[in-house]
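One structure is given here, and the rest of the page talks about it.
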Amino acid sequence: MTDVVHVTASVFLFARFGSAWRMCVIAPRIGGELAPGGHVDDGESPEQAALREVLEETGHRARLLAPPAPAGYPHPVVPSAWHVADISASADSRAPHRHLHRDHIFVGVVDRPLSPGAEPEHPTRWVPAADLPALDIPHDTLVMGRALFEVIESAAALRLPPAYDEALAAELLRRKETDQAVRLLPAAERGEDWAVRMGQVDRDNTAWLREVLADRGWPGWAMVGPRAALSSWLIAQHADLDPDFQKQCLELLAAAFTAGDADPCHAAMLEDRVRLSRGRPQLFGTQMRPDADGVEAPAPIEDPATVDERRALWGFDQSLAEYVQSFQAVDR
């Protein structure tokens, strides 16, 4: 065995597709499929290299997860490599002879797997656990991937859930009532200043939620319960006057969804809202706009042929056609 050792980092990257997990594989030029990863450059830590390689190869900004800790362990566990393995490597551009890769194996998550932030270097896809045996992947990747699918749910969950905050939940519910009271006012009762009043409600709720997020983080199911968590999403959904803050809310809500602390449909609807505000087509067809005849119709959709598949994965109980029909049937 050669004494030449190159430090590398690999990332088994997962994302929650509605209620099911999928793992990311890339198809580099050498053939077959692999987990993202590569060499650790001079001046980099393995953690830094792992995040860089994921971004370069997949276009995604990942979050690394901490290795498993005993149930009830009271201290935060820092994200780090789950394993370090010495892997025999053939000659390559960095070494003319066989050598070792001392591979730091990380586990990471992507909160918005359908919206990469950069162009990937390699073809990238997300595969369910059942598809792993049929992939053209190394045996060690198959073994590790199978094992990680068994633990990813608990690994991604909130490590130290916050205590339930009854006062915050009550205030969220109160603000939801204010939001809905102005929005659902019958057209005949709205008056000339209706849009101004709605804007005032939205600005007030946005400013309040901004303070909550800075102080407490996203108010998810664990912190405020499902009913009040719906109010958190609703305030963010209606924060159109501050698109940068709305995107911040999406990032936090998506992370809560990954951790099993938020409704997947809420994450999907806010994803659509933010994408449209930035001139991008929506993914789930949840946002409607008047067409040339004044009839409400879905705003542009990315890959419309598969929108119903995405809607089903994220837990919507209607196809796009059914949703549009029900939306148009409501007297607005």
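The values are calculated or read from the model by the stated rules, or taken from the named source; none is laboratory data. None of the values given here were measured: they were computed from a predicted structure. Because the Cβ atoms are built from the backbone with ideal geometry, glycine has one as well, and the counts that use them run over all protein chains shown.
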Can you name the residue in segment 9-39 that is on the phi < 0 side of the Ramachandran plot and more than 26 Å from the chain's Cα centre (by Cα) and, of all such residues, is surrounded by the most Cβ atoms within 10 Å (Cβ to Cβ)?
His39
Residue list for segment 223-269, restricted to those being assigned to a helix (DSSP H, G or I), of a type in the set (A, V, I, L, M) and within 17 Å of Glu171 (Cβ to Cβ)
Met223, Val224, Ala228, Ala229, Leu230, Leu234, Ile235, Ala236
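Working only within segment 270-300, note down all residues that are part of a loop (DSSP other than H, G, I, E, B), touching a residue at least 12 places away in the same chain (Cβ under 8 Å) and of a type outside the set (Phe, Trp, Tyr).
Just the residues of segment 270-300 that are part of a loop (DSSP other than H, G, I, E, B), to begin with: 278-281, 283-287, 291-295, 299-300.
Filter again for touching a residue at least 12 places away in the same chain (Cβ under 8 Å), leaving 278, 280-281, 283-287, 295, 299-300.
Scanning segment 270-300 gives Arg278, Arg280, Pro281, Leu283, Gly285, Thr286, Gln287, Val295, Ala299, Pro300.
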For the list (1) in a loop (DSSP other than H, G, I, E, B); (2) in the same structural domain as Arg52 (by TED's automatic domain parsing); (3) not hydroxyl-bearing (Ser, Thr, Tyr), I need the number of the one condition that Gly191 fails.
(2)
Out of (1) surrounded by 11 or more Cβ atoms within 10 Å (Cβ to Cβ); (2) farther than 26 Å from Arg29 by Cα; (3) touching a residue at least 40 places away in the same chain (Cβ under 8 Å); (4) not hydroxyl-bearing (Ser, Thr, Tyr), what's the single condition that is false for Trp82?
(3)
Could you give me the residue pairs with C-beta distances under 7 Å whose first residue belongs to segment 242-268 and is in the same structural domain as Pro219 (by TED's automatic domain parsing) and acidic (Asp, Glu), whose second residue is surrounded by fewer than 19 Cβ atoms within 10 Å (Cβ to Cβ) and at pLDDT below 95 wherever it lies, and which are 6+ apart or on separate chains?
Asp261/Leu158
